[in-house]
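First up is the structure itself, then whatever we jot down about it.
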(Lines give C-alpha, C1' and ligand atoms only; values in the text may rest on other atoms or scores of the structure.)
Protein backbone atom coordinates (compact mmCIF):
# COMPACT_ATOMS: atom_id res chain seq x y z
CA UNK A 1 0.00 0.00 0.00
CA UNK A 2 1.39 3.40 -0.95
CA UNK A 3 0.49 6.89 0.16
CA UNK A 4 -1.70 7.69 -2.85
CA UNK A 5 -3.79 4.54 -2.34
CA UNK A 6 -4.94 5.95 1.01
CA UNK A 7 -6.63 8.85 -0.77
CA UNK A 8 -10.18 8.66 -2.03
CA UNK A 9 -10.34 8.50 -5.85
CA UNK A 10 -13.54 10.56 -5.81
CA UNK A 11 -13.53 14.37 -5.68
CA UNK A 12 -13.78 15.69 -2.12
CA UNK A 13 -17.20 16.79 -0.90
CA UNK A 14 -17.15 18.91 2.25
CA UNK A 15 -19.78 18.06 4.85
CA UNK A 16 -19.86 20.09 8.06
CA UNK A 17 -21.38 17.06 9.76
CA UNK A 18 -18.00 15.31 9.59
CA UNK A 19 -15.82 15.95 12.67
CA UNK A 20 -12.67 15.99 10.54
CA UNK A 21 -13.93 19.19 8.95
CA UNK A 22 -14.61 21.25 12.07
CA UNK A 23 -13.19 19.53 15.17
CA UNK A 24 -9.53 20.57 14.83
CA UNK A 25 -10.19 24.32 14.40
CA UNK A 26 -12.80 24.27 17.16
CA UNK A 27 -10.40 22.57 19.59
CA UNK A 28 -7.68 25.05 18.63
CA UNK A 29 -10.05 27.97 19.18
CA UNK A 30 -11.11 26.58 22.56
CA UNK A 31 -7.46 26.15 23.52
CA UNK A 32 -6.69 29.75 22.61
CA UNK A 33 -9.67 30.96 24.64
CA UNK A 34 -8.48 29.01 27.69
CA UNK A 35 -4.92 30.35 27.40
CA UNK A 36 -6.12 33.94 27.12
CA UNK A 37 -8.75 33.68 29.86
CA UNK A 38 -6.38 31.96 32.30
CA UNK A 39 -3.34 34.05 31.33
CA UNK A 40 -1.22 30.89 31.15
CA UNK A 41 0.35 31.33 27.70
CA UNK A 42 3.74 32.33 29.10
CA UNK A 43 3.85 29.79 31.92
CA UNK A 44 2.80 26.96 29.59
CA UNK A 45 5.53 27.99 27.15
CA UNK A 46 8.16 27.73 29.88
CA UNK A 47 6.98 24.24 30.82
CA UNK A 48 6.82 22.98 27.22
CA UNK A 49 10.09 24.60 26.20
CA UNK A 50 11.78 22.95 29.18
CA UNK A 51 10.27 19.58 28.25
CA UNK A 52 11.75 19.99 24.79
CA UNK A 53 15.25 19.80 26.27
CA UNK A 54 14.61 16.14 27.10
CA UNK A 55 15.13 15.39 23.40
CA UNK A 56 18.08 16.35 21.23
CA UNK A 57 18.28 19.70 19.46
CA UNK A 58 18.76 17.81 16.19
CA UNK A 59 15.36 16.15 16.57
CA UNK A 60 13.57 19.48 16.95
CA UNK A 61 15.53 20.98 14.06
CA UNK A 62 14.46 18.15 11.77
CA UNK A 63 10.84 18.37 12.87
CA UNK A 64 10.58 22.14 12.69
CA UNK A 65 11.83 22.42 9.10
CA UNK A 66 8.91 20.25 7.98
CA UNK A 67 6.64 23.19 8.77
CA UNK A 68 8.51 25.50 6.41
CA UNK A 69 6.68 26.61 3.29
CA UNK A 70 8.93 24.79 0.81
CA UNK A 71 9.01 21.56 2.82
CA UNK A 72 5.27 21.62 3.47
CA UNK A 73 4.45 22.04 -0.21
CA UNK A 74 7.07 19.49 -1.25
CA UNK A 75 5.29 16.84 0.82
CA UNK A 76 2.53 16.81 -1.81
CA UNK A 77 4.84 16.80 -4.84
CA UNK A 78 4.22 13.04 -5.43
CA UNK A 79 0.67 13.99 -6.42
CA UNK A 80 1.86 15.92 -9.48
CA UNK A 81 0.19 14.39 -12.54
CA UNK A 82 -1.88 12.06 -10.37
CA UNK A 83 -4.26 14.18 -8.30
CA UNK A 84 -4.64 17.68 -9.77
CA UNK A 85 -7.83 18.13 -7.73
CA UNK A 86 -5.86 17.86 -4.48
CA UNK A 87 -3.09 20.15 -5.74
CA UNK A 88 -5.68 22.73 -6.77
CA UNK A 89 -7.24 22.58 -3.30
CA UNK A 90 -3.74 22.99 -1.85
CA UNK A 91 -2.97 26.01 -4.03
CA UNK A 92 -6.12 27.85 -2.98
CA UNK A 93 -5.63 26.83 0.65
CA UNK A 94 -2.05 28.11 0.53
CA UNK A 95 -3.27 31.52 -0.59
CA UNK A 96 -5.77 31.65 2.28
CA UNK A 97 -3.14 30.46 4.76
CA UNK A 98 -0.73 33.15 3.58
CA UNK A 99 -3.39 35.81 4.07
CA UNK A 100 -4.09 34.43 7.55
CA UNK A 101 -0.45 34.53 8.63
CA UNK A 102 0.70 37.80 7.09
CA UNK A 103 -2.61 39.53 7.68
CA UNK A 104 -2.18 39.04 11.44
CA UNK A 105 1.55 38.98 12.23
CA UNK A 106 2.30 42.67 11.72
CA UNK A 107 -1.05 44.21 12.78
CA UNK A 108 -1.16 42.21 16.03
CA UNK A 109 2.57 42.58 16.61
CA UNK A 110 3.04 40.04 19.41
CA UNK A 111 6.68 39.67 20.45
CA UNK A 112 8.24 36.22 20.44
CA UNK A 113 9.64 34.54 23.57
CA UNK A 114 13.30 35.58 22.99
CA UNK A 115 12.18 39.22 22.94
CA UNK A 116 10.45 39.17 26.33
CA UNK A 117 12.03 36.39 28.39
CA UNK A 118 15.50 36.37 29.97
CA UNK A 119 17.89 34.08 28.05
CA UNK A 120 18.42 31.86 31.09
CA UNK A 121 14.71 30.97 31.19
CA UNK A 122 14.38 29.50 27.72
CA UNK A 123 16.15 27.14 25.37
CA UNK A 124 16.54 28.48 21.84
CA UNK A 125 17.61 26.36 18.88
CA UNK A 126 18.55 28.24 15.72
CA UNK A 127 17.85 31.94 15.16
CA UNK A 128 16.20 33.78 18.07
CA UNK A 129 13.46 35.63 16.21
CA UNK A 130 11.91 38.55 18.10
CA UNK A 131 8.93 39.79 16.10
CA UNK A 132 5.84 38.48 14.32
CA UNK A 133 4.84 35.80 16.79
CA UNK A 134 1.11 35.22 16.16
CA UNK A 135 0.20 33.05 14.36
CA UNK A 136 2.98 30.54 13.75
CA UNK A 137 3.65 30.30 10.02
CA UNK A 138 5.14 26.82 10.38
CA UNK A 139 2.11 25.55 12.30
CA UNK A 140 -0.21 27.15 9.75
CA UNK A 141 1.64 25.47 6.88
CA UNK A 142 1.68 21.97 8.33
CA UNK A 143 -1.95 22.12 9.48
CA UNK A 144 -2.96 23.32 6.02
CA UNK A 145 -1.21 20.32 4.45
CA UNK A 146 -2.61 17.93 7.08
CA UNK A 147 -6.09 19.38 6.59
CA UNK A 148 -5.98 18.95 2.82
CA UNK A 149 -4.86 15.34 3.09
CA UNK A 150 -7.45 14.62 5.78
CA UNK A 151 -10.30 15.83 3.60
CA UNK A 152 -9.26 13.45 0.81
CA UNK A 153 -8.56 10.35 2.92
CA UNK A 154 -10.56 7.18 2.30
CA UNK A 155 -10.78 6.56 6.05
CA UNK A 156 -11.41 9.57 8.28
CA UNK A 157 -9.86 7.70 11.24
CA UNK A 158 -6.43 8.32 9.70
CA UNK A 159 -7.05 12.03 10.19
CA UNK A 160 -5.85 11.77 13.76
CA UNK A 161 -2.48 10.41 12.67
CA UNK A 162 -2.08 13.51 10.52
CA UNK A 163 -3.20 15.73 13.39
CA UNK A 164 -0.70 14.06 15.74
CA UNK A 165 2.13 14.61 13.25
CA UNK A 166 1.10 18.24 12.72
CA UNK A 167 0.91 18.80 16.49
CA UNK A 168 4.42 17.41 16.93
CA UNK A 169 5.76 19.75 14.26
CA UNK A 170 3.81 22.62 15.83
CA UNK A 171 5.25 21.72 19.24
CA UNK A 172 8.74 21.92 17.71
CA UNK A 173 8.22 25.68 17.32
CA UNK A 174 7.89 25.89 21.11
CA UNK A 175 10.82 23.51 21.62
CA UNK A 176 13.12 25.69 19.47
CA UNK A 177 12.01 28.67 21.56
CA UNK A 178 10.48 30.98 18.97
CA UNK A 179 6.71 30.61 19.44
CA UNK A 180 4.17 30.69 22.24
CA UNK A 181 1.55 27.93 22.60
CA UNK A 182 -1.03 30.52 21.52
CA UNK A 183 0.83 30.99 18.22
CA UNK A 184 0.79 27.27 17.47
CA UNK A 185 -2.92 26.97 18.22
CA UNK A 186 -3.54 30.01 16.02
CA UNK A 187 -1.64 28.30 13.22
CA UNK A 188 -3.65 25.10 13.69
CA UNK A 189 -6.91 27.06 13.58
CA UNK A 190 -6.05 29.11 10.50
CA UNK A 191 -4.27 26.32 8.66
CA UNK A 192 -7.06 23.77 8.98
CA UNK A 193 -9.77 26.27 8.03
CA UNK A 194 -7.64 27.35 5.05
CA UNK A 195 -7.64 23.71 3.93
CA UNK A 196 -11.42 23.47 4.32
CA UNK A 197 -12.25 26.70 2.52
CA UNK A 198 -9.55 26.14 -0.11
CA UNK A 199 -11.17 22.80 -0.92
CA UNK A 200 -14.61 24.40 -1.03
CA UNK A 201 -13.32 27.03 -3.46
CA UNK A 202 -11.70 24.33 -5.60
CA UNK A 203 -15.06 22.60 -5.95
CA UNK A 204 -16.65 25.70 -7.45
CA UNK A 205 -13.73 27.13 -9.42
CA UNK A 206 -12.25 24.34 -11.54
CA UNK A 207 -9.40 26.12 -13.33
CA UNK A 208 -6.78 24.09 -11.47
CA UNK A 209 -7.90 20.82 -13.06
CA UNK A 210 -7.89 22.23 -16.59
CA UNK A 211 -4.93 21.31 -18.79
CA UNK A 212 -3.10 24.65 -18.33
CA UNK A 213 -3.91 24.62 -14.62
CA UNK A 214 -2.46 21.14 -14.15
CA UNK A 215 0.76 22.13 -15.87
CA UNK A 216 1.19 25.38 -13.97
CA UNK A 217 0.46 23.82 -10.57
CA UNK A 218 2.71 20.85 -11.29
CA UNK A 219 5.60 23.04 -12.38
CA UNK A 220 5.15 25.33 -9.38
CA UNK A 221 5.21 22.43 -6.93
CA UNK A 222 8.18 20.82 -8.66
CA UNK A 223 9.96 24.19 -8.44
CA UNK A 224 9.32 24.23 -4.68
CA UNK A 225 10.88 20.79 -4.33
CA UNK A 226 13.88 21.79 -6.44
CA UNK A 227 14.32 24.97 -4.39
CA UNK A 228 14.29 22.88 -1.21
CA UNK A 229 16.89 20.56 -2.72
CA UNK A 230 19.19 23.35 -3.86
CA UNK A 231 18.64 25.88 -1.10
CA UNK A 232 17.41 24.28 2.14
CA UNK A 233 16.89 26.25 5.33
CA UNK A 234 20.46 26.65 6.63
CA UNK A 235 19.35 28.11 9.97
CA UNK A 236 18.90 24.53 11.18
CA UNK A 237 22.12 22.84 9.99
CA UNK A 238 21.26 19.43 11.46
CA UNK A 239 18.17 19.35 9.21
CA UNK A 240 19.81 20.17 5.87
CA UNK A 241 20.21 16.49 4.93
CA UNK A 242 16.56 15.76 5.76
CA UNK A 243 15.35 18.65 3.61
CA UNK A 244 17.35 17.49 0.61
CA UNK A 245 16.32 13.87 1.10
CA UNK A 246 12.67 14.95 1.33
CA UNK A 247 12.97 16.90 -1.91
CA UNK A 248 14.55 13.94 -3.73
CA UNK A 249 12.07 11.38 -2.38
CA UNK A 250 9.09 13.54 -3.31
CA UNK A 251 10.45 14.38 -6.76
CA UNK A 252 11.36 10.82 -7.76
CA UNK A 253 7.75 9.68 -8.42
CA UNK A 254 7.41 12.67 -10.73
CA UNK A 255 10.73 12.37 -12.57
CA UNK A 256 11.08 8.59 -12.95
CA UNK A 257 8.21 8.16 -15.46
CA UNK A 258 9.77 10.82 -17.67
CA UNK A 259 13.11 8.96 -17.77
CA UNK A 260 11.69 5.45 -18.10
CA UNK A 261 9.08 6.23 -20.75
CA UNK A 262 9.94 4.59 -24.08
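The values are calculated or read from the model by the stated rules, or taken from the named source; none is laboratory data. Note that this is a predicted model, so its numbers are computed, not measured. Virtual Cβ from ideal backbone geometry, glycine too; neighbours counted across all protein chains shown.
Every residue, every condition in (1) crowded, with 20+ Cβ neighbours inside 10 Å; (2) at positive phi; (3) part of a loop (DSSP other than H, G, I, E, B); (4) over 16 Å from the mean Cα position of the chain (by Cα), yes or no:
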site	(1), (2), (3), (4)
45	yes, no, no, yes
63	yes, no, no, no
70	yes, no, no, no
78	yes, no, no, yes
90	yes, no, no, no
94	yes, no, no, no
98	no, no, no, no
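Residues considered: 256, 182, 242. Of these, the only one that is part of a helix (DSSP H, G or I), modelled with pLDDT of 95 or more and either more than 21 Å from residue 145 (Cβ to Cβ) or in contact with a strand residue (DSSP E or B) (Cβ under 7 Å, 6 or more places away or on another chain) (or both) is 182.
Kindly establish whether residue 172 is at pLDDT 95 or above, within 16 Å of residue 86 (Cα to Cα) and either out of contact with any strand residue (DSSP E or B) (no Cβ under 6 Å at 6 or more places or on another chain) or assigned to a helix (DSSP H, G or I) (or both).
On the way: at pLDDT 95 or above: yes; within 16 Å of residue 86 (Cα to Cα): no; either out of contact with any strand residue (DSSP E or B) (no Cβ under 6 Å at 6 or more places or on another chain) or assigned to a helix (DSSP H, G or I) (or both): yes.
So residue 172 does not fit the description; no.
For beta carbons closer than 6 Å, sequence separation of 6+ or different chains, a first residue in the stretch 159-179 that is free of Cβ contacts under 8 Å to residues at least 24 places away in the same chain and at negative phi and a second that is buried (at least 20 other Cβ atoms within 10 Å of the Cβ) and part of a helix (DSSP H, G or I), the qualifying pairs are 162/146; 162/149; 162/150. So, residue 195, is that one in a helix (DSSP H, G or I), in contact with a helix residue (DSSP H, G or I) (Cβ under 7 Å, 6 or more places away or on another chain), in contact (Cβ under 8 Å) with a residue 60 or more places away in the chain and crowded, with 24+ Cβ neighbours inside 10 Å or not? It is true that residue 195 is in a helix (DSSP H, G or I), in contact with a helix residue (DSSP H, G or I) (Cβ under 7 Å, 6 or more places away or on another chain), in contact (Cβ under 8 Å) with a residue 60 or more places away in the chain and crowded, with 24+ Cβ neighbours inside 10 Å. Residue count for the stretch 1-25 satisfying the condition of being assigned to a helix (DSSP H, G or I) and surrounded by 14 or more Cβ atoms within 10 Å (Cβ to Cβ): 6. Scanning the stretch 82-125 for residues that are free of Cβ contacts under 8 Å to residues at least 40 places away in the same chain and over 23 Å from residue 41 (Cα atoms) returns 98, 99.
Identify, please: which residue in the stretch 103-158 is outside any helix (DSSP H, G or I) and touching a strand residue (DSSP E or B) at 6+ places or on another chain (Cβ under 8 Å) and is, among those, surrounded by the most Cβ atoms within 10 Å (Cβ to Cβ)?
Checked the stretch 103-158; the qualifying residue surrounded by the most Cβ atoms within 10 Å (Cβ to Cβ) is 153.
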